[in-house]
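Asks: Quick one: this structure, given as structure tokens, is what I'll be asking you about.
What follows is calculated from the coordinates using simple rules that are stated; it is not laboratory data. Since this is a predicted model, take the numbers as computed values, not measurements. So basically every Cβ, Gly included, is an ideal-geometry build from the backbone, and we count neighbours across all protein chains shown.
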Amino acid sequence: MFPPFLKKVAAVTGAGSGIGRAIALGLAREGATVHLADRNADGLAETAALIRAEDGRAFTTELDVSSEVQVVGWVEQIGSISGRLDAAFNNAGITGPAKRIEHYPLEDFQRVVAVNLQGVFLGMKHQIPLIKRSGGGSIVNTASVAALTGPGGMSAYAASKHGVQGLTRVVAMENAADGIRVNAIAPGWTETPMVAANSQQNPGFAALTQTAIPAKRGGRPEEIAAAAIWLASDTASYVTGQMLTVDGGMTIGG
Ligand code: NAD
């Protein structure tokens, strides 16, 4: 049997670390040529080196997903290098500070929304035409369990991730007839550098959260990536407009 992404071209933002790196590596292992984007050049180079060490094909672009001109340039580059785009993963994100709303600085709110929500908007806006010219394909956006819940102190993050779910549904609706599926994943507590940094700041909260997860552990980036890659694959050919929660049961208790 052929690898599911053989001869396919994929794009991943936030590919320099954590979940995005795991998605990129997983796609390359399944045969895709991967175009990696991140604002962190060192992280990007590391991910590309991991892929090339396994004889995979990777191209890197340093960019800020909140910049339309940079996203346009990246998608044009994908078109000129690979000539098509079959799967896009809009995954880059930041958490922002943890503060009650009355103390939440406007500039932090705006930055979190610019990266997490505007970044996904710009990604889809410019990926859709290339995917359409390629004869259809799939997009997977990274939301969060914070798209389903209201974690105290995380107003910008939760608002941005709720927004990702809404955008995912709208773009799925607009493009279903053109053979483009658009879905989201909602990871729970996943052991990536983002979470490690938060845990260091607040070890008591980190321990409590992990005990509260029915699976009694955080997720591994590869476990989130596997769900995202499945959603993008032809095996999920009739799934669109959905958000798949991957959280060890964190949200099932209500
Ligand atoms: P991470 O910090 O390990 O990786 C995020 C990557 O995004 C980094 O390489 C960073 O440089 C990049 N990035 C940040 N802002 C960017 C920008 N403006 N432009 C381009 N790249 C940018 O974090 P992660 O845990 O792998 O997070 C990936 C996604 O998963 C995020 O959207 C995050 O909100 C979401 N998520 C993570 C968890 C978790 O527990 N780790 C849970 C739910 C959702």
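Asks: Assuming R0 = 35 Å, can you tell me the calculated FRET efficiency for the pair residue 7 and residue 170, based on Cβ-Cβ distance, to the nearest 0.05?
Replies: My answer for the efficiency is 0.70.
Asks: Using amide H atoms built 1.01 Å from N in the peptide plane, name the residues 5+ places from residue 242, or on other chains, whose amide H lies under 5 Å from its own.
Replies: Counting only residues 5 or more places away or on other chains, the set is 184.
Asks: How far apart, in nm, are two points set 7 Å out from the Cα along the Cα-to-Cβ line at residue 98 and at residue 133?
Replies: Reported label-point gap for residue 98 and residue 133 is 4.5 nm.
Asks: Quick one: length gained pulling residue 235 to residue 106 fully straight, 0.36 nm per residue minus the C-alpha distance?
Replies: Between residue 235 and residue 106, full extension yields 42.2 nm more.
Asks: Here is a follow-up. Got a sec to turn the phi values of segment 94-100 into Karplus ³J(HN,Hα) couplings, 6.51 cos²θ - 1.76 cosθ + 1.60 with θ = phi - 60°, whole Hz, x for Gly and Pro?
Replies: Values, residue by residue: 9, 8, x, x, 9, 8, 4 Hz.
Asks: In a Gaussian network model over the chain where Cα atoms closer than 10 Å are linked, find which of 32, 196, 225 has the largest mean-square fluctuation.
Replies: 196
Asks: Taking the alpha-carbon centroid of each part, what is the distance from segment 191-254 to segment 13-47 in angstrom?
Replies: So the two Cα centres are separated by 18 Å.
Asks: So, one more: So for the chain, averaging the separation of alpha carbon pairs under 8 Å that are six or more residues apart and normalising by length, what relative contact order in percent results?
Replies: Rounded, it is 19 percent for the chain.
Asks: Separate question: Starting from the amide H of residue 88, placed 1.01 Å from N in the peptide plane, find each other amide H under 5 Å away whose residue is 5 or more places distant or on another chain.
Replies: Placed amide hydrogens put 11, 138, 139, 140 under 5 Å from residue 88.
Asks: At residue 68 and residue 177, where each label point lies 7 Å from the Cα along Cα→Cβ, what is the point-to-point distance in nanometres?
Replies: 2.6 nm
Asks: What ³J(HN,Hα) values, in whole Hz, does the Karplus curve 6.51 cos²θ - 1.76 cosθ + 1.60 give for segment 58-75 when θ = phi - 60°, with x put for Gly and Pro?
Replies: 9, 10, 10, 9, 7, 7, 9, 5, 7, 9, 5, 5, 6, 5, 4, x, 5, 5
Asks: Using only the Cα atoms of segment 9-246, what semi-axes does the equivalent ellipsoid have when each is the square root of 5 times a gyration tensor eigenvalue? Give whole Å, largest first.
Replies: 27, 19, 18
Asks: Right, here's the next one. Expressed as an acute angle from 0 to 90° and rounded to the nearest 10, what is the orientation of the C-alpha long axis of helix 18-29 relative to the principal long axis of the chain?
Replies: 30 degrees
Asks: Summing Lys, Arg as +1 and Asp, Glu as -1, what charge do residues with Cβ under 13 Å from the Cβ of residue 235 carry, residue 235 excluded?
Replies: After counting each charged neighbour, the total is -1.
Asks: Still on this structure: Would you mind calculating the relative contact order of segment 1-100 from Cα pairs under 8 angstrom and at least 6 residues apart, reporting the percent as a whole number?
Replies: 32 percent
Asks: For segment 203-208, just list the computed ³J(HN,Hα) in residue order, Karplus coefficients 6.51, -1.76 and 1.60, θ = phi - 60°, integers in Hz, with x standing in for Gly and Pro.
Replies: Result, ordered by residue: x, x, 5, 4, 5, 4 Hz.
Asks: OK, next. Please report 235, 209, 190 as a ranked list, fewest other C-beta atoms within 10 angstrom at the top and most at the bottom.
Replies: Ordered from fewest to most neighbouring Cβ atoms within 10 Å, 235, 209, 190 come out as 235, 209, 190.
Asks: If we count every other residue with Cβ under 14 angstrom of residue 142's Cβ, Lys/Arg +1 and Asp/Glu -1, where does the sum land?
Replies: Here the count lands on -1.
Asks: Specify the residue with the greatest mean-square fluctuation among 62, 107, 222, computed from a Gaussian network of the chain linking alpha-carbon atoms under 10 Å apart.
Replies: In the Gaussian network model the winner is 107.
Asks: Whose amide H sits under 5 Å from the amide H of residue 32, counting only residues 5 or more places off or on another chain, with H placed in the peptide plane?
Replies: 5
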